Amino acid sequence: MITTAVIPAAGMGTRMLPATKAVPKELLPIVEKPALQLIVDEAVGAGVDHLVIVTSRSKPAIEQYFASDASVEQSLERQGRGSVADQLRRYGSDIRVSFAYQDRPLGLGHAIGCARAAVGEQPFFVMLPDELMSDSSLLAGLARVVADTNIGAVALKRMPRAELSRYGIVSPVGDERTVGGLAALPFVGVVEKPSVDDAPSDLAIIGRYALTPDIFDDLDALTPGSTGELQLTDALAAQATREPLWGVISDVGRIDIGNPLGWLQAVVDAAVDHPEHGVAFRHWLSARTDARD
Ligand code: G1P
């Protein structure tokens, strides 16, 4: 069972400026919940009880979000939202929250390397907070693959050709098979953001990984690529040369909230299904859509 999740959250969120000038992108709200809370909910739903948040000292609001604050909890109680207060009280009690700092923008590989001391010698998840998943099943599935095989696993999705250059793309070996109850493929190589013609397949890494701790030595050995950044993808490629890694083909709902359109979709999705405001929002949305037609 994997109980630690590393969440890299040191980025500057330039695609969401000027909102991110003062508010970290991970705390932008999806209705009344910060996006980061949805990532944490997904992690906790898959059995995580230790969050390692890799952040920057220029984003103190992230730590503040996890700090206990009796006056916030009391206000929530007064509003009849005791379950939210209970959820916030879990941080620092039954859910441990550690912070690691990445003070220079040296890439995702560097960010994960910064979490080494907090993670220790055990398998762990990496969750990229720019991607929201509809539930915890993908993460739980990746953990099952690692438990069954003792080899790292990444989540994959088949992408249209035009989008391959935005992702890490794997080179699969052999056929799809069932591992831990999921459709999975072994892969021996992975390239970060290849041109369409150089892409080894149409299987893109999406932002969920279940990794074994030997990846930290591969991360430490990285040298900067052409962008000057240390890529997690390059460490995975090094690890996969020793033994193929697993790619789990995901069918879970996914929204990329790192850009304004995706963020809007996530907000509307959450609003439509919102337990308190969903009905009124749906009425408003359909009346507005009719008025526009
Ligand atoms: C990162 C990874 C890439 C992966 C992608 C998933 O890229 O480097 O391999 O496919 O996340 O979203 P980024 O989107 O941070 O540029």
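The values are calculated or read from the model by the stated rules, or taken from the named source; none is laboratory data. This structure is a prediction, so every number in the text was calculated from the model and none was measured. Cβ: placed from backbone, ideal geometry, glycine included. Neighbour counts: every protein chain shown. We work out accessible area using only protein heavy atoms, side chains counted, and drop any ligands, DNA or RNA first. Shrake-Rupley method; radii C 1.70, N 1.55, O 1.52, S 1.80 Å.
Does the range 182-199 hold any residues that are open to solvent by 20 Å² or more (accessible area, probe 1.4 Å) and within 13 Å of the ligand (Cβ to nearest atom), and which are they?
Val191, Glu192, Lys193, Ala199
Among all residue pairs at least 6 apart or on different chains, which show Cβ distances below 8 Å where the first residue, located in the range 202-214, is of a type in the set (Lys, Arg) and the second is within 9 Å of the ligand (Cβ to nearest atom) and open to solvent by 10 Å² or more (accessible area, probe 1.4 Å)?
Arg208/Leu128; Arg208/Glu131
When the range 244-274 is examined, which residues are found to be over 14 Å from Val154 (Cα atoms) and charged (D, E, K, R)?
Arg254, Asp256, Asp269, Asp273
Would you mind telling me which numbered condition in (1) in contact with a strand residue (DSSP E or B) (Cβ under 8 Å, 6 or more places away or on another chain); (2) buried (at least 17 other Cβ atoms within 10 Å of the Cβ) Gly253 fails?
Condition not satisfied by Gly253: (2).
Would you confirm whether or not the range 164-181 contains a residue that is of a type outside the set (S, T, N, Q), out of contact with any Cys (no Cβ under 9 Å at 6 or more places or on another chain), in a strand (DSSP E or B) and more than 16 Å from the ligand (Cβ to nearest atom)?
Within the range 164-181, one or more residues are of a type outside the set (S, T, N, Q), out of contact with any Cys (no Cβ under 9 Å at 6 or more places or on another chain), in a strand (DSSP E or B) and more than 16 Å from the ligand (Cβ to nearest atom).
Of all residues being more than 30 Å from Thr14 (Cβ to Cβ) and in a helix (DSSP H, G or I) in the range 243-280, which is nearest to the ligand (Cβ to nearest atom)? Just the residue, please.
Ranking the qualifying residues of the range 243-280, first place goes to Gly278.
Scan the range 8-28 for residues that are touching a residue at least 40 places away in the same chain (Cβ under 8 Å) and either assigned to a helix (DSSP H, G or I) or more than 13 Å from the ligand (Cβ to nearest atom) (or both) and jot them down.
Arg15, Met16, Lys25, Glu26, Leu28
Does Ala140 fit the bill of being within 15 Å of the ligand (Cβ to nearest atom) and at pLDDT 95 or above?
Spelling it out, it is not the case that Ala140 is within 15 Å of the ligand (Cβ to nearest atom) and at pLDDT 95 or above.
Would you be able to tell me the number of residues in the range 151-163 that are closer than 19 Å to Val252 by Cα, away from the ligand (no atom under 14 Å from the Cβ) and touching a helix residue (DSSP H, G or I) at 6+ places or on another chain (Cβ under 8 Å)?
Looking only at that region, the number is 1.
Which fully enclosed strands (runs of 3 or more DSSP E) of the range 40-149 have 2 or more residues being within 15 Å of the chain's Cα centre (by Cα) and in contact (Cβ under 8 Å) with a residue 40 or more places away in the chain?
Details: elements: 50-55, 96-101, 124-127, 131-133.
Of the strands (runs of 3 or more DSSP E) lying wholly inside the range 40-149, those with at least 2 residues that are within 15 Å of the chain's Cα centre (by Cα) and in contact (Cβ under 8 Å) with a residue 40 or more places away in the chain span 50-55, 124-127, 131-133.
What do you reckon, is Gly228 among the small types (Gly, Ala, Ser), modelled with pLDDT under 95 and surrounded by fewer than 21 Cβ atoms within 10 Å (Cβ to Cβ)?
So Gly228 passes the test.
Looking at (1) closer than 18 Å to His274 by Cβ; (2) open to solvent by 60 Å² or more (accessible area, probe 1.4 Å); (3) touching a residue at least 60 places away in the same chain (Cβ under 8 Å), which is the only condition Val31 fails?
Failed condition: (2).
Just a yes or no: is a residue in the range 204-221 small (Gly, Ala, Ser), within 16 Å of the ligand (Cβ to nearest atom) and open to solvent by 10 Å² or more (accessible area, probe 1.4 Å)?
no
Given (1) more than 14 Å from the ligand (Cβ to nearest atom); (2) under 27 Å from Leu264 (Cα atoms), where does Asp148 come up short, assuming only one miss?
For Asp148, the exception is condition (2).
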